[in-house]
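A short reminder: the numbers here are calculations on the coordinates, not readings from a lab. All figures in this text were calculated on a predicted structure; none of them were measured in a lab. Every residue, glycine among them, receives a Cβ derived from its backbone with ideal geometry; neighbour counts consider all protein chains shown.
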Amino acid sequence: MPSFPHTRLRRLRQTDWSRRLVQETNFSVNDLIWPLFVHDLDTNIPISSLPSQFRWSITSLCEQAKRAESLGIPAIALFPATPVEKKTPDGEEAYNPHNLVCRAMEAIRSCTNNLGIIADVALDPYTTHGQDGLLRDGVVVNDQTLEALCKQAINQARAGCHVIAPSDMMDGRIAAIREALDDEGFQDVSIMAYSAKYASAFYGPFRDAVGSKGSLGQGDKRTYQMNPANQLEALHEVELDIEEGADMVMVKPGMPYLDILHQVKQHFAKPTFVYQVSGEYAMLKAAATNGWLDWDKCIAESLIAFKRAGADGILTYAALEMAQKLQG
Ligand code: PBG
């Protein structure tokens, strides 16, 4: 009797050892970047729309950074929740050398020795209107914003960050920031460009966390962040950022944009990152809290999906938890 079918893909799926043996993609602690929020208070405040995440005091932030380092997480990304009274229309606090994020970075530099510090460049934590750039007659102006971003980048490099991560989506910012950093002697500070950053509704909980939601009000960021309907434009954005000197590129958000991530990695073969943003994390947490999804399995599946699509690393609020699990 002829055996049918001839090809049996299930043969290698029969046992755990053989499934592991033929697994195409893996993730490890080396793939994780943990975004952390810091504020200027002595207590830690939980962020209700981001379960298990806090606005940390600088002292606690250092403890968290040390935990991350000891678990082998390569890098953290810092986001300041600026006190409202420090916000101004032009966000000058962004280049105050003693601002919250600079003090936080100095503190982390002094308590860790093998942990990458990624500093965000965009004006939204500092502006009263919550936009990432300077507002003139109701318009977010590009070229004047570049000057402010360069000052912000230099300020953060002086405070000791290893990576500058422009998340503002202004045109020409990578070239401008690279030149400004080099002029100040920071040629070894690298740039992780938020290259394909979409005008997404999945950033909601992040805006609660840094307190930019109230400032933004009914405003939106569609004149600079990308239209979720576009794919080719993302490749154009990435191409420009690489030409302008980005060391690493990023796609953001993650899960709804896996096609973009895949194409970026395929086309450019550069160090490529993805941001599993606040809304993605909140969604999974909410379903898990209700008992509708298995958190451990779903978060692991989402991370392997990013690796499969081509990510070299993932910014995720689940980084610490995953690192603990990976350690067993
Ligand atoms: C601000 C910034 C945002 C995020 C990172 N940097 C929000 C925004 O663009 O409004 C979102 C991260 C997240 O949702 O987890 N420049």
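Things worth noting here:
- Charged neighbours of Cys298, selected by a Cβ distance under 15 Å, balance to -2 (K, R count +1; D, E count -1).
- Stretching the chain fully between Asp182 and Ile304 yields a gain of 40.3 nm (0.36 nm per residue, less the alpha carbon separation).
- Order by protection proxy (mean Cβ within 10 Å, highest first), peptides 233-242, 21-30: 233-242, 21-30
- Contact order relative to length of the range 8-126, as percent, for alpha carbon pairs under 8 angstrom and 6 or more apart: 27
- For Lys87, the aspartates and glutamates whose Cα comes closer than 14 Å to its Cα, not counting residues fewer than 8 places off in the same chain, are Asp40, Asp124, Asp132.
- Straight-line cross-link partners of Lys86 among the lysines, defined as a Cα under 24 Å from its Cα and at least 8 positions apart when in the same chain: Lys151, Lys213, Lys221.
- Think of each Lys and Arg Cβ as +1 and each Asp and Glu Cβ as -1; about the Cα centre, that makes the dipole of the range 57-178 roughly 480 debye.
- The chain - mean residue ellipticity at 222 nm from DSSP helices (-39,500 (n - 2.57) per run, n ≥ 4, rounded to 500): -12000 deg cm²/dmol
- Relative contact order (%) - the chain, alpha-carbon pairs under 8 angstrom, separation at least six: 18
- The amide H of Gly116, built 1.01 Å from its N in the peptide plane, has Ala75, Ile76 as neighbours under 5 Å, considering only residues 5 or more places off or on other chains.
- Spin-label pair Arg20-Asp312: with each label point 7 Å from Cα along the Cα-Cβ axis, the two points sit 2.9 nm from one another.
- Straightening the chain between Glu239 and Gln324 buys 27.0 nm, computed as 0.36 nm per residue apart minus the Cα-Cα spacing.
- Relative contact order (percent, whole number), the range 230-321, Cα cutoff 8 Å, 6+ residue spacing: 31
- Shape box of the chain [Cα atoms, principal axes, largest first, Å]: 80, 43, 40
- Relative to one another, the C-alpha centroids of the range 169-231 and the range 128-164 are positioned 9 Å apart.
- Violating pairs (Cα-Cα greater than 19 angstrom) within the set Lys197/Lys270; Lys66/Lys297; Lys265/Lys307; Lys270/Lys325; Lys197/Lys265; Lys252/Lys325: Lys66/Lys297; Lys270/Lys325; Lys252/Lys325
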